[in-house]
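The values are calculated or read from the model by the stated rules, or taken from the named source; none is laboratory data. Because the structure is predicted, anything quoted here is derived from the model rather than measured. Cβ: placed from backbone, ideal geometry, glycine included. Neighbour counts: every protein chain shown.
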Amino acid sequence: MSSQSAVLAVRNPRTGTADHSITISAREEVAEKAARLRANQRAWEAIGVQGRCGVMARWLGAVKARAADIGAADAVDTGGCHTSYIQGFITMGNIGGWLEDAPRAFADLAWDTMSTSMPSVRVESQVVAFPITGVISPWNAPLMLALLDAIPALFAGSAVLLKPSEVTPRVIEALFETVREVPELAAVFDYVTGAGAVGQWVIEEADTICFTGSVPTGRKVAVACAERLIPCNLELGGKDPCIVTENADLERAATAVLRGAVYATGQVCYSVERVYVHESVHDAFVAKLVEKAQAVRLNAENPRAGHIGPFTFAPQADIVMRHIEDAKARGAKVLTGGEIENIGGGLYMRPTVLTGVNHDMEIMQDETFGPCIPVMAYSDTEEAIALANDTHFGLTASVIAGDAEEAKAIGKRINAGGIFLQDTFLTFAKLRTFGSDSFGWSGYGSPRIGPESLRRFLRRKSLLTQTGDVADIQDDHHLGAGQ
């Protein structure tokens, strides 16, 4: 792309060819859209949560009518991940859940009582939405991860300016066909397109930022927000461990680990990326895992039939191969998979099981984001916990043990926000219940899941009314007298 170009080509992950393009938003366009959103936000907040629920219910109907089209666009963006085809219905569930949860979330923030420290003062609460929430979303699960932030922000009364990944813009275009069917929503929800510079401009216009992506980019976002003294919420991925104890059901463990590691080609922030298995069952577990891994099919012939699709973002395949080659050079063995297959222009990798790994290897330290399963033996529980916690990340972790109580005792000692016991990949069970924090480099800010996640987009005020006599400065001198 030349410096004068206003158009950016978009690659199709299944064919490897550029079959789509986006117009890069100019700085002036970002500013103009932000100004319009800011002006319209006042009326949006003024109608109250019930009024916003009425508008969002109409949007739900529009999404329902186009759910299949939204899923198809997401599938083209990602290369045909299974969940892509149901993204329209997942969006419906997201909107519908907040239709129920948002009024209760606001009710939980309401406070009207007399002060316990100054009994004559009445204390009332008020919540005020940030005028503009900027959402900068990633190329993996492009619609779902954008709307995890955008939808609660809208229910909170904020306007939303979204900058989707330039790698996966098609589904956002499909989504906004439904937004435009609801004029009140279109007035406070808009998007801009382009690469990193456009994201920087969103930060310059917004009042709070939600970012999902890599640690290096997340650091830049945090610095940019700090320079403007605006809050940010960052979701930065993980290097999520799974511990398999000597008492575990190995059949169950191998099944859970395989899915948790390679679902969506391993391009999920809470994918299993490190596996620690007790030395007494290590070989038996690995044998079962390899057998199951070799039965997994690519979806190259039919995106709806196979289990693993292509890499959504071509450079990610290079990162995965670098991790594998580094591990092999340091003594690891690849038991199955381990190669990039170019099929019709798409870049695929079969489930890759590695043994003989250790923490000197990139594949055990840095986020791989591919269908790789490095397995390491441990001798006792203390070592397993130490290995699981030997990381800069702390998003999720899994423990598969002889029973739930054994798993829970181990899980409570792992430094991660979500602990999956007797399974992997359970993050969605938290929806509409409560959120959890990220540890280490995995994120910053308040939880993004659960009813309390709406609070990210609200500032709380206190209204203090004196119902008794006011204090007199001339009476203050006696305070502390004789002390």
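Worth pointing out:
- Of all positions in region 323-339, none carries a residue that is over 22 Å from Ala256 (Cα atoms), among the β-branched types (Val, Ile, Thr) and surrounded by fewer than 24 Cβ atoms within 10 Å (Cβ to Cβ).
- Subset of region 304-353 (residues that are assigned to a strand (DSSP E or B) and acidic (Asp, Glu)): Glu341
- Scanning region 136-158 for residues that are among the aromatic types (Phe, Trp, Tyr) and outside any loop (DSSP other than H, G, I, E, B) gives a single hit, Phe155.
- Inter-residue pairs, beta-carbon under 9 Å, first surrounded by fewer than 17 Cβ atoms within 10 Å (Cβ to Cβ) and in region 1-22, second at pLDDT below 90 and assigned to a loop (DSSP other than H, G, I, E, B), 6+ apart: Val7/Met1; Ala9/Met1
- Qualifying positions in region 448-462 - surrounded by 12 or more Cβ atoms within 10 Å (Cβ to Cβ) and within 14 Å of Pro231 (Cβ to Cβ): Arg448, Ser453, Arg455, Arg456, Phe457, Leu458, Arg459
- Residue in region 450-483 that is farthest from Phe155 (Cα to Cα), counting only those that are among the hydrophobic types (A, V, I, L, M, F, W, C) and modelled with pLDDT of 90 or more: Ile473
- All positions within region 77-89 that are buried (at least 21 other Cβ atoms within 10 Å of the Cβ) and on the phi < 0 side of the Ramachandran plot: Asp77, Thr78, Cys81, Ser84, Gln87, Gly88
- Looking across region 338-375, the residues that are under 26 Å from the mean Cα position of the chain (by Cα), of a type in the set (S, T, N, Q) and closer than 27 Å to Gly16 by Cβ come down to Thr352, Thr368.
- In region 395-413 there is at least one residue that is under 14 Å from the mean Cα position of the chain (by Cα) and buried (at least 17 other Cβ atoms within 10 Å of the Cβ).
- Looking only at region 292-317, residues that are touching a strand residue (DSSP E or B) at 6+ places or on another chain (Cβ under 9 Å) and not aliphatic (A, V, I, L, M) come to 11 in all.
- Selection status of Val375, assigned to a strand (DSSP E or B) and in contact (Cβ under 8 Å) with a residue 12 or more places away in the chain: yes
- Being of a type in the set (A, V, I, L, M) and modelled with pLDDT under 95 is a property that Ala6 has.
- Residue in region 279-292 that is at pLDDT 95 or above, among the acidic types (Asp, Glu) and in a loop (DSSP other than H, G, I, E, B) present: yes
- The helices (runs of 4 or more DSSP H) found entirely in region 159-247 include none that carry 1 or more residues being modelled with pLDDT under 95, on the phi < 0 side of the Ramachandran plot and assigned by TED's automatic domain parsing to the domain that holds Ile410.
- Test: residue in region 102-110 that is surrounded by fewer than 21 Cβ atoms within 10 Å (Cβ to Cβ), closer than 30 Å to Asp469 by Cα and without any contact (Cβ under 8 Å) to a residue 60 or more places away in the chain: yes
- Among the conditions (1) in contact with an Asp or Glu (Cβ under 6 Å, 6 or more places away or on another chain); (2) surrounded by fewer than 21 Cβ atoms within 10 Å (Cβ to Cβ); (3) among the β-branched types (Val, Ile, Thr), the only one that Thr465 does not satisfy is (1).
- For region 1-118, the helices (runs of 4 or more DSSP H) that sit wholly inside it and include 2 or more residues that are aromatic (Phe, Trp, Tyr) are 87-109.
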